[in-house]
1. Give the residues of the stretch 136-164 that are at pLDDT below 95, outside any loop (DSSP other than H, G, I, E, B) and charged (D, E, K, R), sorted by residue number.
2. Looking only at the stretch 111-135, count how many residues are of a type outside the set (D, E, K, R) and not in a helix (DSSP H, G or I).
3. Any residue in the stretch 136-152 that's in contact (Cβ under 8 Å) with a residue 12 or more places away in the chain and of a type in the set (S, T, N, Q): show its pairings with residues that are outside any loop (DSSP other than H, G, I, E, B) and exposed (fewer than 12 other Cβ atoms within 10 Å of the Cβ) at Cβ separation under 8 Å, as long as the two are six or more apart or on different chains.
4. Please go through the stretch 37-66 and give me each residue that is touching a residue at least 60 places away in the same chain (Cβ under 8 Å) and in contact with an Asp or Glu (Cβ under 7 Å, 6 or more places away or on another chain), ordered by number.
5. Mind counting the residues in the stretch 96-126 that are among the small types (Gly, Ala, Ser) and free of Cβ contacts under 8 Å to residues at least 12 places away in the same chain?
6. Residues 108, 37: which one is in a helix (DSSP H, G or I), farther than 19 Å from residue 156 by Cα and of a type in the set (Asp, Glu)?
Amino acid sequence: MPTPERLVRRLRDADAAAVVELVQTCWSEYEGCVYDEDEMRHLRRPASHYAALGGDAWVAVHGERLLGSVACRPGAAPDVLELQLLYVWPQARRRGVASMLVGRVEGEARRRRAKRVELWSDSRFSAAHRMYEALGYRRQPGARHLDDVSASVEWPFRKELVGH
């Protein structure tokens, strides 16, 4: 198997179907999480979507198989990068794929001289919350209620970057 760094490449619009399948699979693990194609229309051309926001996106792959995805975009403040689209296939979990992808975003944040990385995570994604906390992210006060078909409630997480 290649070294982890060789597994990561930039997300392409041609990866759209694989990313949609990945997100649908991950959401299906949680009761009430419904994938709505119209709500997630940005995933029809995901690389273009994140580029238009001033962000970037990557996928972890093994051969032709997509193992996981991650994206980032400028945050609400000039010194913040927001982490988004972090999903890993169930069969590839607990192998460092998510950590590697989060590391890619943190590296991009440092390159952009951001002081912190922030993210929002659905309140149902408890395994993801444990992983974020293990990587140094801390849940912040508050929540946001999305007007979506899943009636999502998201919690904010933040990591201050050292040596940015």
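The values are calculated or read from the model by the stated rules, or taken from the named source; none is laboratory data. Not measured: the values here are computed from a predicted model. Here Cβ is always computed from backbone atoms with ideal geometry, including for glycine, and neighbour counts include all displayed protein chains.
1. 144, 154
2. 8
3. If the second residue must be outside any loop (DSSP other than H, G, I, E, B) and exposed (fewer than 12 other Cβ atoms within 10 Å of the Cβ), the pairs left are 152/145.
4. Scanning the stretch 37-66 gives a single hit, 39.
5. 3
6. 108
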